[in-house]
Amino acid sequence: MSDTSHHIVPYSTYGLILLLLLVLTGTSVAVTQIELTKWSTAVALLLAGTKSAFVLAIFMHLKFDQKIFRIMAVLIILLLASVIIITFLDYAFR
Amino acid sequence: MTSNDSENKGYKSYLEEDGGRKGIFKWILSTDHKRIALLYLYSMMVWFTVGVVLGLLMKLELIAPGQTIMGPQSYNATFTVHGVIMIFLIVIPGLPAVFGNFMLPIQIGAKDVAFPRLNLLSWYIYVLGSILVILSLFGNGPPDTGWTFYAPYSFKTGTNMLPAALGAFVLGFSSILTGLNFIVTIHRMRAPGMTWFKMPLFTWTLYGTGWIQLLATPIIGITLLMVAGDRILGIGFFDPAKGGDPLLYQHLFWIYSHPAVYIMILPAMGVISEIIPTFSKKTIFGYKAIVLSTLAIAFVGYFVWGHHMFTSGMSGTALYTFSILTFLVAIPSAIKVFNWISTMHQGSISTDIPFLWAASFIFVFLIGGLTGLVVGALATDVHLHDTAFVVAHFHFIVFGGVGFAFFGAIHYWFPKIFGRMYDKSWAKTGWIIFFVGFVTLYGPMFYLGMIGMPRRYFDYLDEFHGPNIVSTLGALVMIAGLLIILTNLIKAARHGEKTTEMNPWGGTNLEWQIPTPPPLENFDEIPVIEKATYKYD
């Protein structure tokens, strides 16, 4: 069954995203030097989440895929975010 | 011969199609979803026997105070290996791997699952994980952590904890791949006209289960790797001496392991939703409510893991959040029970053996579910946590729920799967003995827990003696029933009366509209679905 057209992503875009991922990785390491106390996990997750979003959207072609798959991906991310938030109902109030 | 008979229709059943292979190779190299289902069934029967024997040994130890047949270390190892085998090798994969594999493609009008080779690979991974679990029995002694592998003890014990944890890690991949296969199959391979709300309810529960398998299982994998990191490399994720947090382990473990309870119970609910309308000869009551409650259980089930940790020292905010969420998840479960009972109401009920298993499922599931609310409430849980009450609740849900549904399913689909029929009177005898034994085994444990008997101890005070004798006698009665059931089924699979009747129970799903046993690719032509299932005239 072939009901999706294949989108060709230029190599330059891949290169750009790779560069961005490396910069974000560097940022993740750099922010550990700053004392963010209870926000350190949130910042680390935000940076990791941003990197994942680029990988999903460009490398895994989610940006060019059917809407239903984009909705599914967003719902799953919301689910995992909820799990993390609920876990922090323990850590933040202990 | 009636039109309900598939004999002499000039086809070869999947059991006769060997793909040009001989002996065991026609099984272990076959990518046919039906043969793979039977591979799982036979593998699980072996592990189930081991698990039952270990369970019996524990009950024999507890028949009297003091050391009876084993010491404390052996007892710790016995309940750990019993738990690991029963949870990771039987009840988590059980219904999806056996009956899901066999029935899902047929129920949606497909010739196989979306990825047949991946399906076979899942079974090989399952076998590899099983071997690792069994290897943990040798060498330094079996693991003694309990099936939960709680830190910090799990990275400090000198026993064979790593092979067992690695086995659970590997088994997770089998579970993920099966879930992925089912989700893709349901999305992409439904027959024309098989819209979402025409799908059989067993398939719906496999869909909900598939998502849990896919999304929750990686978390246990990562968690067990972290334990291995603590144990081998001394990293200290969960080691308070190094700034780690043992409670983080409990969070991560239960983020997977509570949804895993729904991996176990959702397909069981699907089986019951198939059996009850068939034997009540009545359209299922509230089809959409059952579908939505399935999805609701799968979704809300992600957020209730903390109720396993009420006495662990979590924050007050987390405690009452998890307690409220736990009470919420009871609502969709209750909807299902209401709908099953309403389906039976004014139905033309025939008390064949699959129906008896389904009806007794509702009985034990209700007890298991309602006692779940007792331990889901903060105040009562403080009293009952880590007592025999929890063991009773857990077994009423997991063994009562999954076990009864499994036996219901095997008796329901047996003629379709094997093309033979079992002895119905022996099946009923086995069921009643098993049922009486089950309630006698686990019932007293509720009382024992309430009067304060802790779980996971090889010894106890004299005041707990009486109910423990009753419980052990119950175990012996239950095993007698189990032997009758298994002997009857094994004998029937080999020498039972042959049947080619397509629809022996008068079911309405697609599996009852194809020959018995099914041909290799299920359908000569993919069917076009015109009317909803569960319609009885």
### Query
Which of B:I484, B:P519, B:L224 sits closest to the plus end of the dipole of the protein assembly as shown, meaning its Cα is farthest towards the positive end, when Lys and Arg get +1 and Asp and Glu get -1 on the C-beta?
B:P519
#### Entry: region A:42-80 versus region B:157-189: alpha-carbon centroid distance in Å
24
### Task
Report the normalised scattering of the protein assembly as shown as log10 I(q)/I(0) at q = 0.09 Å⁻¹, calculated by the Debye formula with identical scatterers on the alpha carbons.
-0.77
### Query
Shape of region B:296-337 from its Cα gyration tensor (a ≥ b ≥ c, root eigenvalues): rounded if a/c is under 1.5, otherwise prolate when a/b > b/c, or oblate?
prolate
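How many partner chain Cβ atoms sit within 10 Å of a residue's Cβ in peptide B:311-319, on average, as a whole number? Show your work: numbers first, answer last.
Values: counts 0, 1, 2, 6, 7, 4, 6, 9, 3.
So the per-residue partner count for this stretch is 4.
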### Query
Between chains A and B, what is the buried accessible area summed over both chains (1.4 Å probe, protein heavy atoms, nearest 100 Å²)?
1600
### Task
Please list, in chain and number order, the residues 5+ apart from B:R420 or on another chain whose amide H is under 5 Å from its amide H, with Hs placed from the backbone.
B:T499
### Message
Could you tell me what a quarter of the Cα convex hull surface of region B:1-103 works out to, in nm² with one decimal place?
### Response
10.4
### Once the Cα gyration tensor of region A:11-91 is diagonalised, semi-axes √(5λ) in Å
26, 21, 5
## Note on the structure
Set B:K281/B:K498; B:K281/B:K336; A:K38/B:K156; B:K282/B:K428; B:K156/B:K242, cut-off 21 Å on Cα-Cα distance; pairs above it are B:K281/B:K498; A:K38/B:K156; B:K282/B:K428
### Task
Express the relative contact order of chain B as a whole percentage, based on alpha carbon pairs under 8 Å and six or more residues apart in sequence.
19
### Message
Need the C-alpha centroid separation for region B:69-138 versus region B:366-380, integer Å.
### Response
28
### Query
Given a Förster distance of 41 angstrom, what is the FRET efficiency for B:Q346 paired with B:S425, based on the Cβ-Cβ distance and rounded to 0.05?
0.90
### Task
Filter the trypsin sites (Lys or Arg not before Pro) in region B:131-215 down to the DSSP loop ones having no more than 13 other Cβ atoms within 10 Å, then list what survives.
B:K156
### Euclidean distance between Cα centres, region B:425-500 to region B:245-299, Å
24
### Message
Helix-only estimate, please: 222 nm mean residue ellipticity of chain B, summing -39500 (n - 2.57) across DSSP H runs of length 4 or more and dividing by its residues, to the nearest 500.
### Response
-20500 deg cm²/dmol
## Note on the structure
Rounded to whole angstroms and listed largest first, the alpha-carbon spread of region B:288-435 along its three principal axes comes to 57, 35, 28
### Task
Write down the Å³ per residue value for the convex hull defined by the alpha carbon atoms of chain B.
147
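The values are calculated or read from the model by the stated rules, or taken from the named source; none is laboratory data. No experiment lies behind these values; they were computed from the predicted model shown. A quick note on method: Cβ atoms are made from the backbone with ideal geometry, for glycine too, and the neighbour counts reach across all protein chains shown. Surface areas here come from the heavy atoms of the whole protein model, side chains and all, with no ligands, DNA or RNA. Shrake-Rupley method; radii C 1.70, N 1.55, O 1.52, S 1.80 Å.
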